[in-house]
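Working notes for the structure below.
The values are calculated or read from the model by the stated rules, or taken from the named source; none is laboratory data. None of the values given here were measured: they were computed from a predicted structure. Here Cβ is always computed from backbone atoms with ideal geometry, including for glycine, and neighbour counts include all displayed protein chains.
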Amino acid sequence: MGLLEWWFEQRDPGLLRGEIEAAYRDYVHPFGLRMLKAAGLDIIEDRREGPYVWDLSGERFIDCVTGAGIFNVGRRNPELAEVLKRALDRFDLGGWISLVRGRAELARKLAQITPGRLQYSIFCCGGGEAVEVGIKLARGHTGRSEIVCMEGGYHGVTGFALPATGREVYSQPFGPLVPGYVRVPFNNVGALEQAVNERTAAVLLEPVQGEGGIRPASKEFLHAARRLCDEAGALLILDEVQTGFCRTGKFFCCEHYGVVPDILILAKGMSGGLYPISAAVFTPEVADFLVTHPFVIVNSFGGTTLACITAMAAIEYMEREDLAGHAARMGDLLLAGLSDLRGRHPDMISEVRGKGLMLGIEFPEESIGPRMSVELRKRGVIAIYTFNNPRVMRLMPTLVIDEQVVNQVLEALDGALYALGHGYSKPSAQGHPRRRPRRRPRRRS
């Protein structure tokens, strides 16, 4: 049987699941498979559409994971899929050394839609690579080595990005790391003032910490970062890998704050989840470094023809459908519902927070997160805790959800919280919880 026949042939879902799980166990990641099964997240994605994904079994789920912000325009957006098909009928990736038309047009579009004087783009495949580009540009431009980064931050696990990722579990096995990183508490202006000095090449941070627990930067902190960088002659790098492309209710999260970075890191949602692409977008002043070092930062598969065409189509879709405005409205509804759930389950929820459709629920203890994933799966929702802060469950659905889907997510959360916090199964039709039947103890003979 050929590969295409194997892939598309209608087969028994149970047998196919067994084959896939065996291959994961034997050839991919046995411990990862065990973790996903324990959290009820061993979904084998089959059909994908809008806010939903279907398991091989045909069971439908509302996707509140979305790869932490990859599928902003919906799962397998049909309009973008058609664009990619048409591109494949004519093009391949394109030569790295050629003048690629798509790369030029996408870079021009990013210069138009990003704030301030951000103008030039270097393209990569993933967010960690783009962070590496940003750090290299900052060190090359300033001639300095120190990067001030945040506790709880996450910027990927590649060489220059790894020391900036604020959890030792990622970096401890791989020392010695690239030196020159100074870590400060997030949202602590005083600590930032102490850290930024004449040795600082850049301050690197996320406007909303994703893996750190959906923690938005305060306006005071982000403005202080901009001011301190200006005073010290350092650069401000904002990592919007998760927050970019309408996720927080603005096209880019920094627009909420009125702060423009010197380097903006973009990835995940740029091409609608159909083709890998990321970018570091920077000002003309930063670009001066490339005058004398034109080919020191290269990427064979960054900004390919297929990726750029798909990204252009995704951005056009976001603009036409006003996904930023829609995300803001749906995010307000979801946040209001989460706040209501916090009032109804005060022992289970410590805090709810976030921006737009990047929201987090903080629990009083870490063990609740994985158990919530299991209970939500039973109710048709997939969600997972943040990696740097397991007490926080991330809710990042696609940006095409409507009010009905928001209410379904809230209903599932309500039922899951009852199940975990009160020993009940789910609310009854009258809104009152039903207690699980208890087994009667056996009599001893």
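Remarks
- Residue that is surrounded by the fewest Cβ atoms within 10 Å (Cβ to Cβ) [pool: residues in the stretch 349-368 that are in contact (Cβ under 8 Å) with a residue 40 or more places away in the chain and among the charged types (D, E, K, R)]: 353
- Residues in the stretch 274-300 that are assigned to a loop (DSSP other than H, G, I, E, B), exposed (fewer than 15 other Cβ atoms within 10 Å of the Cβ) and either in contact (Cβ under 8 Å) with a residue 12 or more places away in the chain or among the charged types (D, E, K, R) (or both): 288, 293, 296, 298, 300.
- Residue match in the stretch 194-207 (condition: within 13 Å of the chain's Cα centre (by Cα) and among the acidic types (Asp, Glu)): yes
- Matching strands (runs of 3 or more DSSP E) fully within the stretch 21-81 where at least 2 residues are surrounded by 13 or more Cβ atoms within 10 Å (Cβ to Cβ) and modelled with pLDDT under 95: 45-49
- Inspection of the stretch 135-143 identifies no residue that is touching a Pro at 6+ places or on another chain (Cβ under 9 Å), of a type in the set (Gly, Ala, Ser) and modelled with pLDDT of 95 or more.
- For first residues located in the stretch 13-26 and on the phi > 0 side of the Ramachandran plot, partners that are surrounded by 15 or more Cβ atoms within 10 Å (Cβ to Cβ) and lie 6+ apart or on another chain with Cβ distances below 9 Å do not occur.
- Of 169, 259, all but one fail to be hydrophobic (A, V, I, L, M, F, W, C), without any contact (Cβ under 8 Å) to a residue 12 or more places away in the chain and either in contact with a helix residue (DSSP H, G or I) (Cβ under 6 Å, 6 or more places away or on another chain) or surrounded by fewer than 18 Cβ atoms within 10 Å (Cβ to Cβ) (or both); the exception is 169.
- Hits in the stretch 404-420 - residues which are of a type in the set (S, T, N, Q) and within 11 Å of residue 379 (Cα to Cα): 408
- Boolean, residue 333 is in contact with a Leu (Cβ under 8 Å, 6 or more places away or on another chain), modelled with pLDDT of 95 or more and on the phi < 0 side of the Ramachandran plot: no
- Number of positions in the stretch 202-235 that are in contact with a Cys (Cβ under 6 Å, 6 or more places away or on another chain) and assigned to a loop (DSSP other than H, G, I, E, B): 1
- Any hit, the stretch 93-112, residues being under 24 Å from residue 356 (Cβ atoms) and surrounded by fewer than 14 Cβ atoms within 10 Å (Cβ to Cβ): yes
- Under the condition of being surrounded by fewer than 23 Cβ atoms within 10 Å (Cβ to Cβ) and of a type in the set (A, V, I, L, M), the residues counted in the stretch 219-229 number 2.
- Verdict on residue 351 being under 23 Å from residue 212 (Cα atoms) and not aromatic (Phe, Trp, Tyr): yes
- Scanning the stretch 352-396 for residues that are farther than 25 Å from residue 166 by Cα and outside any helix (DSSP H, G or I), we see that the one that is farthest from the chain's Cα centre (by Cα) is 379.
- For the stretch 230-249, the set of residues classified as more than 19 Å from residue 132 (Cα to Cα) and crowded, with 21+ Cβ neighbours inside 10 Å consists of 245, 246, 247, 248, 249, listed by residue number.
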